[in-house]
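Computed from the coordinates by the stated procedures, all read-outs in this text should not be read as laboratory data. As the structure is a computational prediction, the values presented were derived from the model and not from experiment. Heads up, the Cβs are rebuilt from the backbone with ideal geometry, glycines too, and the neighbour counts pull from every protein chain shown.
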Amino acid sequence: MPIQERKAYGAAVAQNVREDILANAPWARAGGNEVIVISKLGLYGAVTATYGLYKGRAVISEEGTILQATTYDGDELKVPVVNLVLLPNESLRCFMTDSAADPLGIVVVVRGASYTRGR
């Protein structure tokens with residue numbers, strides 16, 4: 001099944017609080033009989049926000065990484081190509097911290113596919 005999403009995550013996070021903003025993103029958690037392949041992933045938002053991106057226990061982007069751009073302009077060609085594979089029961093986590101009094105969160109642009117193993 002294709003994965004295609006452009007959505008803001010973390011807008012409800014309190015100022016200066018570190019939170020996993022992908023905790024409720026269904027494409028960021030592979031089920032017990034599922035493999036998720038993420039081919040494109042872009043993170044965009046206010047310059048006051050920083051993040052750390054993790055696949056399982058592996059660090060993809062160090063904590064405190066600054067966002068690539070402040071806004072997503074809709075150009076698919078500018079969304080970075082990645083090669084992330086989430087195996088069964090594996091997850092992608094993104095911990096965001098925003099120093100703004102009213103955090104707007106991070107716009108996540110993701111493309112990929114999920115595959116379910118047959119019985």
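Worth a mention:
- Charge tally in the Cβ shell below 9 Å around Val79, where Lys, Arg are +1 and Asp, Glu are -1, Val79 excluded: +1
- Whole-Hz couplings from phi, Karplus 6.51/-1.76/1.60, listed for segment 77-93; x for Gly and Pro: 5, 8, 6, x, 7, 10, 10, 10, 10, 9, 7, x, 6, 9, 9, 10, 10
- Averaging Cα coordinates gives a centre for segment 1-62 and one for segment 67-119; these two points are 5 Å apart.
- Assuming charge only on the beta carbon of Lys and Arg (+1) and of Asp and Glu (-1), the dipole of the chain about its Cα centre is about 500 debye to the nearest 20.
- Note on segment 64-119: dipole from Cβ charges, positive end direction compared against Ile106, Pro80, Gln68; the farthest Cα belongs to Pro80.
- With K and R counted +1 and D and E -1, the other residues having a Cβ less than 10 Å from that of Ile36 yield a net charge of -1.
- Using the Cβ of Leu53 as centre and a radius below 10 Å, the other residues enclosed give a net charge of 0, where K and R count +1 and D and E count -1.
- Estimated D of the chain in µm² per second, where Rh is the Kirkwood radius over Cα pairs and Stokes-Einstein applies at 37 °C, 0.692 mPa s: 226 µm²/s
- Average Cα contact separation per residue, segment 2-114, under 8 Å, 6 or more apart, as relative contact order %: 50 percent
- Under 5 Å from the amide H of Ala11 lie the amide H atoms of Ile106, each residue being 5 or more positions distant or on a separate chain, with H modelled from the backbone and absent for Pro and chain starts.
- Separation of the Asn89 and Glu5 label points, Cα + 7 Å toward Cβ, nm: 2.2 nm
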